[in-house]
Amino acid sequence: MRRGILAIAVCLAVFALISAPTACYLSRGAWEEAKILSRRQPISEIVADPRTPKEAREKLKVVLAARQYAKDSLKLRTKNSFTTYSRLDHDTLVLVVSAAYRDTLKPYTWWFPVVGRVPYKGYFDFAAAKKEAKDLAQDGFDVYVRPSDAFSTLGFFNDPLLNTTLRGDSIDLANTVIHELTHNTFYASGQAPFNESFAMFVGARGAAAFFRSRGQEAAAAKVDAEWQDDRVLARFWARVIKSLDSAYRMHSSDKGARILARDTVYAETRVALINEIAPQLKTINPLYAQRVTLNNAALLARRVYASDLDVFDLIYEKEGRNLRSAIGRIIGLAKSNPKSPFTALRGWVGKVN
């Protein structure tokens, strides 16, 4: 989930087709996107400038190299994304609000032009994000708010690298660039869990391959370890979702009982995180298990970025660990069943087996 979200920036012509509150939200997004685009500076010029600090210069070189690798070796659609740099006025790009019903695993969703219905909403206006979260909580929803430091406009604009993203290390930068370029390459309308999980897979496997191509085996090994941690957590969250589904079904006619059962599941989840999962994680601080937010909104938000990660790796293995081939295969399968891309992926893996 640290990789970022999809930016919602569309032209003013659509405003007449949608409600006034959404128009105001989109107009703010369009304004902020315009500011970001207006501040773009070529990364090549910043790298060549002797006044650029050495650490920043080296990170920017990695961004350009990762972008080129994504274009040449993975055949991702790069256009001119990540060839420029923009500095924001603050150290957080957006706050992302997610919400869900408390007595069932159903997300609260928002609809936007082009991207369809999505289970999160990013705010450049932090006060508005907090108000949205407060209003949703008062209406009885579970709520989860998190910062995001990167986004993709799906190739509508040539996305710049932002100072919020540059704070990461070289490994995070390479992963983020390849992740976001995956969105530029393919985006299934209304299929947020598939889109984000696919980008997680390509970002991780792509970054590892990128560093190996440069002879940086230690960096590649760290990316691999992070990806394995992501897969461990993805399996665990899937298990929690299954437990919650069972608990809710046992009390289908009693909302109060469903909420009590939910609280019991989350109490057990915390214990399992601390005692079972944390010892397996190689790159995540054990304190994560004690502090991570546990509610339906947070759980479903994590599922958006961690749905069936293993199936992507199975396809990768079936394609001879050729990432470019795996990406093409996954996109082709997703296009064959746009309403349920994961069904297409699982079906193909089953046939190959």
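The values are calculated or read from the model by the stated rules, or taken from the named source; none is laboratory data. Since we're looking at a predicted model, the values are computed, not measured. Cβ coordinates were reconstructed from backbone atoms using ideal geometry, including for glycine residues, and neighbour counts include every protein chain displayed. Side chains included, ligands, DNA and RNA excluded: accessible areas come from the protein's heavy atoms. Shrake-Rupley method; radii C 1.70, N 1.55, O 1.52, S 1.80 Å.
In segment 259-272, the qualifying residues are those that are closer than 15 Å to Ile241 by Cβ and among the charged types (D, E, K, R), and the one that is surrounded by the most Cβ atoms within 10 Å (Cβ to Cβ) is Arg262.
Looking only at segment 234-280, which residues are in contact with a helix residue (DSSP H, G or I) (Cβ under 6 Å, 6 or more places away or on another chain), free of Cβ contacts under 8 Å to residues at least 24 places away in the same chain, assigned to a helix (DSSP H, G or I) and closer than 16 Å to Leu105 by Cβ? Residues satisfying the conditions are Ala247, Ala261.
Table: residues versus (1) among the aromatic types (Phe, Trp, Tyr); (2) touching a residue at least 24 places away in the same chain (Cβ under 8 Å); (3) in a helix (DSSP H, G or I).
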{"position": "Arg51", "(1), (2), (3)": "no, no, no"}
{"position": "Phe82", "(1), (2), (3)": "yes, yes, no"}
{"position": "Tyr85", "(1), (2), (3)": "yes, yes, no"}
{"position": "Leu95", "(1), (2), (3)": "no, yes, no"}
{"position": "Ala100", "(1), (2), (3)": "no, yes, no"}
{"position": "Lys134", "(1), (2), (3)": "no, no, yes"}
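Collect the residues in segment 179-211 that are of a type in the set (A, V, I, L, M, F, W, C) and over 25 Å from Leu300 (Cβ atoms), keeping them in residue-number order. Matches in segment 179-211: Leu181, Ala207, Ala208, Ala209, Phe210, Phe211.
Residue count for segment 318-353 under the criterion of being assigned to a helix (DSSP H, G or I), of a type in the set (Ser, Thr, Tyr) and over 27 Å from Ser213 (Cβ atoms): the result is 2. Got a sec? Which of Arg231, Arg212 is open to solvent by 10 Å² or more (accessible area, probe 1.4 Å), assigned to a helix (DSSP H, G or I) and more than 24 Å from Lys61 (Cα to Cα)? Within the list Arg231, Arg212, the selection yields Arg231.
Among the residues of segment 273-296, is there at least one that is within 14 Å of Leu233 (Cα to Cα), open to solvent by less than 20 Å² (accessible area, probe 1.4 Å), under 19 Å from the mean Cα position of the chain (by Cα) and modelled with pLDDT under 95? No, the conditions are met nowhere in segment 273-296. Of the residues making up segment 297-353, those that are under 18 Å from the mean Cα position of the chain (by Cα) and of a type outside the set (A, V, I, L, M, F, W, C) number 8. Checking each residue in segment 215-228 for being touching a residue at least 40 places away in the same chain (Cβ under 8 Å) and open to solvent by 80 Å² or more (accessible area, probe 1.4 Å) picks out only Lys222.
Put simply, of Ala199, Ala204, Ala192 the only residue that is at pLDDT below 95 and surrounded by 22 or more Cβ atoms within 10 Å (Cβ to Cβ) is Ala192. In segment 281-317, which residue that is touching a strand residue (DSSP E or B) at 6+ places or on another chain (Cβ under 7 Å) and either free of Cβ contacts under 8 Å to residues at least 60 places away in the same chain or not in a helix (DSSP H, G or I) (or both) is nearest to Val143 (Cα to Cα)? Checking each candidate, the answer is Asn295. Does Leu154 satisfy the condition of being modelled with pLDDT under 85 and in contact with a His (Cβ under 7 Å, 6 or more places away or on another chain)? When the stated conditions are applied, Leu154 passes them. The single condition among (1) among the polar types (S, T, N, Q); (2) at pLDDT 95 or above; (3) more than 16 Å from the chain's Cα centre (by Cα) that Asn175 does not satisfy is (3).
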